[in-house]
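Visitor: Sharing a structure here in structure tokens format.
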Amino acid sequence: MTDLAIQRKELVSSSMDQIKGIIKEKGVNRDSLDEVKSIVNSMTNEKEMFSDTEFPTPKPEEFAKIYLLTDDEGGDFSLYLISVLPLGPSPIHDHGTFAVIAGLDGDEENTIYKRLDDQSEPGKAQIEEDYKIVLRDGDAVAFMPQDIHRINVISESPTRHFHLYGKGFDQQTDRLEFNRQEGTSKSVSGSFIPVDDSRRVL
Ligand SMILES: [Fe+2]
């Protein structure tokens, strides 16, 4: 193992230990996620450990590369390095689990939506745009399980961001996708997203 690989493993290991400690002690709430956010964000200082050499950006036909860095059994505490080409906005969605995103490179516009209805009717959902933030190098954002967003790469270069989820994509069976114009929502699985786990750190 190279020195860089050892450093990367130590960083991911100590960061995940801290993150799990916070969630175990305080549960999932905006305050605890703020603390988790600052830990994931501090990892963005280590550009060399997570460079294009180690984790190649997607080829044009690939759209995105999703590298699983580490997870626990059952997909708990899944940390990914994700690189996305600037090819337009994602569907509007939630994750059904907490999420923290922190930027290493590229500009990812996040549009955050407010839910307006009382959620009493399955398949119906009234949402409206709340605010936008752009995640660049050194920025981070945290989402509660039912927070709704859409992402769009607005830089010419691909993004390179950390994504931490309470449950991994394969286990995100409670994701909702929203159609704002039609006022509808539908349950989708996150497992359609191809994950590359050949470069696991832990
Ligand atoms: Fe998302």
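Visitor: Which one of Ser185, Ser15, Leu202 has its Cα pushed farthest toward the positive end of the charge dipole of the chain, where Lys and Arg give +1 and Asp and Glu give -1 at the Cβ?
Guide: Selected residue: Ser185.
Visitor: In sequence order, what are the phi-derived ³J(HN,Hα) couplings for region 74-82 according to the Karplus relation 6.51 cos²θ - 1.76 cosθ + 1.60 with θ = phi - 60°, rounded to whole Hz, with x for glycine and proline?
Guide: These are the phi-based 3J(HN,Hα) values: x, x, 5, 6, 8, 10, 10, 10, 10 Hz.
Visitor: While we're looking at this one, here's another question. Quick check: at a probe of 1.4 Å, how many percent of the accessible area of region 16-112 sits on carbon and sulfur atoms?
Guide: 47
Visitor: Could you tell me which residue out of Tyr80, Gln119, His93 lies farthest along the dipole of the chain toward its positive end? Charges go on the beta carbon: Lys and Arg +1, Asp and Glu -1, centred on the Cα centre.
Guide: Going by the charge dipole, the pick is Gln119.
Visitor: Against the longest alpha carbon principal axis of the chain, how many degrees, from 0 to 90 and to the nearest 10, is the axis of helix 3-26 turned?
Guide: Long axis of 3-26 versus the principal axis of the chain: about 40 degrees.
Visitor: Please compare each pair in Lys59/Lys167; Lys9/Lys47; Lys65/Lys167; Lys24/Lys114 to a cut-off of 25 Å on the Cα-Cα distance and tell me which ones are over it. Intermediate values should be presented prior to the final figure.
Guide: Numbers: Lys59/Lys167 27 Å; Lys9/Lys47 14 Å; Lys65/Lys167 18 Å; Lys24/Lys114 28 Å.
Violating the 25 Å Cα-Cα cut-off are Lys59/Lys167; Lys24/Lys114.
Visitor: So for each of 89-97, 72-80, 163-171, 124-132 I average, over its residues, the number of other beta carbons within 10 Å; can you give me the resulting order with the highest mean first? Walk me through the numbers before you get to the answer.
Guide: Details: 89-97: 18.8, 72-80: 16.9, 163-171: 21.6, 124-132: 13.7.
Packing proxy ranking, top to bottom: 163-171, 89-97, 72-80, 124-132.
Visitor: Then there is this: Considering the options Tyr131, His149, Phe169, tell which one lies farthest towards the positive end of the dipole of the chain, charges being +1 on Lys and Arg and -1 on Asp and Glu at the Cβ, about the Cα centre.
Guide: Phe169
Visitor: Follow-up question, since we're still on this one. In whole Å, how far is the Cα centre of region 1-51 from that of region 71-103?
Guide: 15
Visitor: Can I ask one more? Could you do me a favour and compute the accessible area per residue for the chain, 1.4 Å probe, result in Å²?
Guide: I get 50 Å² per residue for the chain.
Visitor: Moving on to the next point. Using only Cα atoms, tell me the angle between helix 30-43 and the longest principal axis of the chain; keep it within 0 to 90° and round to the nearest 10.
Guide: Relative to the chain, helix 30-43 is tipped by roughly 40 degrees.
The values are calculated or read from the model by the stated rules, or taken from the named source; none is laboratory data. Computed from a predicted structure; not experimentally measured. Ideal geometry is used to build each Cβ from the backbone, glycine not excepted, and the neighbour counts take in all protein chains shown. Calculation scope for accessible area: heavy atoms of the full protein, side chains included, ligands and nucleic acids excluded. Shrake-Rupley method; radii C 1.70, N 1.55, O 1.52, S 1.80 Å.
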